[in-house]
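Working notes for the structure below.
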Amino acid sequence: GEIKRLADKVAEYERKEALAEGAATLEELIEGYDVAFKPALRAIIGEFVARGYNIMKGYYKMPRATASAIDKDGWLHTGDLACRTPEGNYRITGRLKDMIIRGGENIYPKEIEEFIYTHPKVSDVQVIGVPDKAMGEEIMACIILKEGETMTVEEMKKYVLDHMAKHKVPKYIDFVDAFPMNDAGKIQKYKMRQQAVEKLGLQKDAAIETA
């Protein structure tokens, strides 16, 4: 299919060693046919964008929405974060809007979520960013435990710290019974952030413009 052909093009391009490390994007490689991955190839996380005959020209009678989604060069910004695997495939790592910026450093909630999932007591988890006066944002993990299980905040923090970098350890951990969802069953992270601000008393921090 199209994805395989794209991967073949990438492999061929690299075999010819025509790609300078970190200096080119897939946009240059495939001449705008299918997808681009910015800012670079390899294991760097960036936004996944697409362009081609199979991509919409815009939203019907919604010029502002179109302008926010499609740039001047015709690339559709999906809002998905992705990285290239050693095999030449592309793995979605999360959503751009969910990315946490803590002290100027990008933190990807899905990475932390996937690790916390490995704890045998955990049934479900969502990681969000909450406002912080000093750091801009801090990490908060909202965790649903398996039925009959108990856990302390300190226990979970130690579990994360033992396996991940210190700056990825959530400052806040909240054990909950459920996550807010819409009618389609999709988790509403924006509501989780609103609830966290109220629960943690972060209203003053939330009023500060960080960027």
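The values are calculated or read from the model by the stated rules, or taken from the named source; none is laboratory data. Since the structure is predicted, the reported quantities are computational estimates derived from the model, not experimental observations. When we count neighbours, we look across all protein chains shown, and the Cβ atoms used for this are built from the backbone with ideal geometry, even at glycine.
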Number of positions in segment 128-158 that are touching a helix residue (DSSP H, G or I) at 6+ places or on another chain (Cβ under 8 Å) and not in a loop (DSSP other than H, G, I, E, B): 11
For Gln194, indicate whether it is at pLDDT 95 or above and either within 23 Å of Gly46 (Cα to Cα) or outside any loop (DSSP other than H, G, I, E, B) (or both). no
Going by what's in this entry, would Ile139 be described as at pLDDT 95 or above and in contact with a Gly (Cβ under 7 Å, 6 or more places away or on another chain)? yes
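Quick one: in segment 99-138, of everything that is under 10 Å from the mean Cα position of the chain (by Cα) and free of Cβ contacts under 8 Å to residues at least 40 places away in the same chain, which residue is surrounded by the most Cβ atoms within 10 Å (Cβ to Cβ)? Before the answer, list the steps.
Step one: list which residues in segment 99-138 are under 10 Å from the mean Cα position of the chain (by Cα), which gives 99-100, 106-111.
Among the residues that remain, those that are also free of Cβ contacts under 8 Å to residues at least 40 places away in the same chain are: 99-100, 109-110.
Working: Met99: 18, Ile100: 22, Pro109: 25, Lys110: 15.
So the residue we want is Pro109.
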The condition from (1) part of a strand (DSSP E or B); (2) among the charged types (D, E, K, R); (3) in contact with an Asp or Glu (Cβ under 6 Å, 6 or more places away or on another chain) that Asp205 misses is numbered (1)
Regarding segment 89-102, can at least one residue be identified that is under 27 Å from Lys166 (Cβ atoms), modelled with pLDDT of 90 or more and not aliphatic (A, V, I, L, M)? yes
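So in segment 77-88, with the set limited to residues that are of a type outside the set (Asp, Glu) and more than 17 Å from the chain's Cα centre (by Cα), which one is modelled with the highest pLDDT? Give the derivation first.
Restricting attention to segment 77-88, the residues satisfying the condition of being of a type outside the set (Asp, Glu) are 77-79, 81-86, 88.
Adding the requirement that they be more than 17 Å from the chain's Cα centre (by Cα) leaves 86, 88.
Details: Pro86: 83, Gly88: 80.
If we take residues in segment 77-88 being of a type outside the set (Asp, Glu) and more than 17 Å from the chain's Cα centre (by Cα), then Pro86 is modelled with the highest pLDDT.
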Scan segment 48-89 residue by residue and report those that are touching a Phe, Trp or Tyr at 6+ places or on another chain (Cβ under 8 Å) and assigned to a strand (DSSP E or B). Phe48, Val49, Ala50, Thr78, Asp80, Leu81, Ala82, Cys83, Arg84
Evaluation of Ser68 against (1) closer than 17 Å to Met140 by Cα; (2) surrounded by fewer than 14 Cβ atoms within 10 Å (Cβ to Cβ); (3) not charged (D, E, K, R) (one fails), failing number: (1)
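Conditions (1) outside any loop (DSSP other than H, G, I, E, B); (2) within 18 Å of the chain's Cα centre (by Cα); (3) loosely packed, with under 12 Cβ neighbours inside 10 Å, marked per residue:
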{"site": "Val160", "(1), (2), (3)": "yes, no, no"}
{"site": "Met164", "(1), (2), (3)": "no, yes, no"}
{"site": "Ile173", "(1), (2), (3)": "yes, no, no"}
{"site": "Gly185", "(1), (2), (3)": "no, no, yes"}
Where residues in segment 83-98 are surrounded by fewer than 18 Cβ atoms within 10 Å (Cβ to Cβ) and either of a type in the set (Lys, Arg) or touching an Asp or Glu at 6+ places or on another chain (Cβ under 6 Å) (or both), which of them is nearest to Gly129 (Cα to Cα)? Lys97
